[in-house]
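The values are calculated or read from the model by the stated rules, or taken from the named source; none is laboratory data. In this text, all values refer to a predicted model and were calculated from it rather than measured experimentally. Here the Cβ positions follow ideal geometry from the backbone for every residue, glycine too, while neighbour counts run over all protein chains shown.
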Amino acid sequence: MIAKIIDGVKISASIRAECKARVERLARQNVVPGLAVILIGSDPASTVYVRNKIRACAEVGIRSFRFDFSADTEPDAVIETIEELNQRADVHGILVQLPLPLHFSLSRILHTISVDKDVDGFHLYNVGGLVVGDTVFPPCTPYGVVKLLEYEGIPVEGRNVIVVGASNIVGKPMALMLMQRDATVCICHAKTRDLAQFTILADILVVAAGRPNLIIPQMVRTGAVVIDVGINRLPDGRLVGDVDFEGVREKASYITPVPGGVGPMTVTMLLSNTITSAERMAQSFARSRIKDLASTST
């Protein structure tokens, strides 16, 4: 068996075409989705990520606003900027690029962002909403994984899903999103004993541990769907995931490559969330206008 490769680049392009059409529909209401991106410091990887996100916004017609702060900036200055952006009608999404300098409180920064503009899905309201199935903006990477499964027609209901990695950004929300779709989910993490005894049971294996080649063929059930969220740079400069791609590909039914699998979907779902925010605000404005007109006519 040779697994089918899930082409995240191709699927991402399809979703971005849908995003562009949604932006065009908003334009007919004189609404242009806007994303504010805040970068603190000059971390090379973060700088590249921000540049890519801004480029992706331009591709689909989202207006972007970039705010750069030096690494020694006082947190209150960033908080003040976020509070101002919360009030701006032309900004529908606010993203603070992670990681932050050590003197910043991540929770304080994330909780300052308005729930209505939390397009990264990290606010406590959106995280809590995952538990009851009522989140406004799903976290972008897990959301991207769900979309990959949907586009490939891979059923989730009733399947055994093993998530390797328990981070707040990927592992935990991934598990909650798949549980909402009636999967049976188990989360493994750094202190899980005998990881293979869990992974071998997976119909769908999602790996987001940040360890290159953690998952080898002996740990994967024949015919499993393997989603590799990890991205690691080896000493020779190569980018690899958390899964031994060539080995596991010979046992799995579907597998995502690194790069070119989950990665492109993360930015794409950020675009989708930003457009969703603009659509919600446009609908809210329309409802308030109708209400005002009704009250005036009476």
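Quick notes on this one:
- The set of residues in the range 202-214 that are surrounded by fewer than 22 Cβ atoms within 10 Å (Cβ to Cβ) and farther than 15 Å from Leu178 by Cβ comprises Gly210, Arg211, Pro212, Asn213, Leu214.
- Selection from the range 91-147 of residues that are farther than 22 Å from Gly165 by Cα, of a type in the set (A, V, I, L, M) and not in a loop (DSSP other than H, G, I, E, B): Ile94, Leu95, Val96, Ile109, Val115
- Residues of the range 79-129 satisfying the condition of being of a type in the set (D, E, K, R) and touching a Gly at 6+ places or on another chain (Cβ under 7 Å): Asp90, Lys117
- Any hit, the range 149-162, residues being under 24 Å from Leu106 (Cβ atoms), touching a residue at least 24 places away in the same chain (Cβ under 8 Å) and either touching a strand residue (DSSP E or B) at 6+ places or on another chain (Cβ under 6 Å) or in the same structural domain as Gly93 (by TED's automatic domain parsing) (or both): no
- Residue that is nearest to Asp72 (Cα to Cα), among those in the range 16-52 that are part of a loop (DSSP other than H, G, I, E, B) and hydrophobic (A, V, I, L, M, F, W, C): Val32
- Just so you know, in the range 90-117 the residues that are in contact (Cβ under 8 Å) with a residue 40 or more places away in the chain and of a type in the set (A, V, I, L, M, F, W, C) include one that is surrounded by the fewest Cβ atoms within 10 Å (Cβ to Cβ), and it is Leu98.
- Filtered residues of the range 193-211 (kept if without any contact (Cβ under 8 Å) to a residue 40 or more places away in the chain and under 23 Å from Pro257 (Cα atoms)): Leu195, Ala196, Phe198, Thr199, Ile200, Arg211
- Filtered residues of the range 1-10 (kept if of a type in the set (Val, Ile, Thr) and either in a strand (DSSP E or B) or under 15 Å from Asp228 (Cβ atoms) (or both)): Ile5, Ile6, Val9
- Residues that are surrounded by fewer than 19 Cβ atoms within 10 Å (Cβ to Cβ) and out of contact with any Phe, Trp or Tyr (no Cβ under 9 Å at 6 or more places or on another chain), drawn from the range 30-42: Asn30, Val32, Ser42
- From the list Ala190, Ala282, the one residue that fits, being assigned to a loop (DSSP other than H, G, I, E, B) and either among the aliphatic types (A, V, I, L, M) or touching a residue at least 40 places away in the same chain (Cβ under 8 Å) (or both), is Ala190.
- Count - residues of the range 246-261 that are more than 11 Å from Ala224 (Cα to Cα) and in a loop (DSSP other than H, G, I, E, B): 6
- Among residues of the range 55-89, those that are touching a strand residue (DSSP E or B) at 6+ places or on another chain (Cβ under 8 Å) and either buried (at least 16 other Cβ atoms within 10 Å of the Cβ) or in a strand (DSSP E or B) (or both), counted: 15
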